[in-house]
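Visitor: My structure is below; once you've seen it, I'll send some questions.
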Amino acid sequence: MNQFQTERRLCWSYLFAAVLLAVSVLCIAIPYNHWRTTLDLCPGGYFENTNCGCILYGVSTSQTFNGGHNSYCLYAVFAPLPVIAFAVIMALFHMYRVCINNIGQYEDEKSTTMEEM
């Protein structure tokens, strides 16, 4: 496999990873924002900071379903965002190397002179 094919595969791989991460963020963020106020049934006063609107690590009681702490859902929503940005940047970098700077496109496995990009 020559360098052009490798760069093209890397471009598609990074794009695929960015799309899958974006879908996972959306699949967590939409239910979290929808059910956050409904699940926030923790006992405690205003000053105790008992935010329990996350469905992750929720507790089922005989009467209600209390959600887990909000930090779990916030981490699940915001932790992949830097990875998505990195994957998009790397996909654009490899796309540049494939589309614009296509030095290795016409080389095959048997060529003796390889030009580095």
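The values are calculated or read from the model by the stated rules, or taken from the named source; none is laboratory data. Owing to the predicted nature of the structure, the values given are computational and were not obtained by experimental measurement. Cβ coordinates were reconstructed from backbone atoms using ideal geometry, including for glycine residues, and neighbour counts include every protein chain displayed.
Visitor: Taking Cys11, is it closer than 30 Å to Cys99 by Cα, surrounded by 11 or more Cβ atoms within 10 Å (Cβ to Cβ) and of a type outside the set (Ser, Thr, Tyr)? Even if it seems obvious, please write down each step before you answer.
Guide: Numbers: closer than 30 Å to Cys99 by Cα: yes; surrounded by 11 or more Cβ atoms within 10 Å (Cβ to Cβ): yes; of a type outside the set (Ser, Thr, Tyr): yes.
Yes; evaluated as a whole, the condition is true for this residue.
Visitor: Could I ask something else about it? Checking Leu56 against (1) within 21 Å of Gln5 (Cα to Cα); (2) at pLDDT below 90, only one condition comes out false. Which one?
Guide: Among (1) within 21 Å of Gln5 (Cα to Cα); (2) at pLDDT below 90, Leu56 violates only (1).
Visitor: For the range 1-36, name all the residues that are among the β-branched types (Val, Ile, Thr) and out of contact with any helix residue (DSSP H, G or I) (no Cβ under 7 Å at 6 or more places or on another chain).
Guide: The answer is Thr6, Val19, Val23, Ile30.
Visitor: Can you name the residue in the range 81-117 that is β-branched (Val, Ile, Thr) and part of a helix (DSSP H, G or I) and, of all such residues, is modelled with the lowest pLDDT? Spell out the reasoning first.
Guide: Filtering the range 81-117 for residues β-branched (Val, Ile, Thr) gives 83-84, 88-89, 98, 100, 103, 112-113.
Add one more test, that the residue is part of a helix (DSSP H, G or I), and what stays is 83-84, 88-89, 98, 103.
Numbers: Val83: 96, Ile84: 97, Val88: 96, Ile89: 96, Val98: 83, Ile103: 58.
For the range 81-117, the residue satisfying everything is Ile103.
Visitor: Can you tell me which condition Pro80 does not meet? The list is (1) touching an Asp or Glu at 6+ places or on another chain (Cβ under 8 Å); (2) under 30 Å from Cys99 (Cβ atoms), and all the others hold.
Guide: For Pro80, the failing item is (1).
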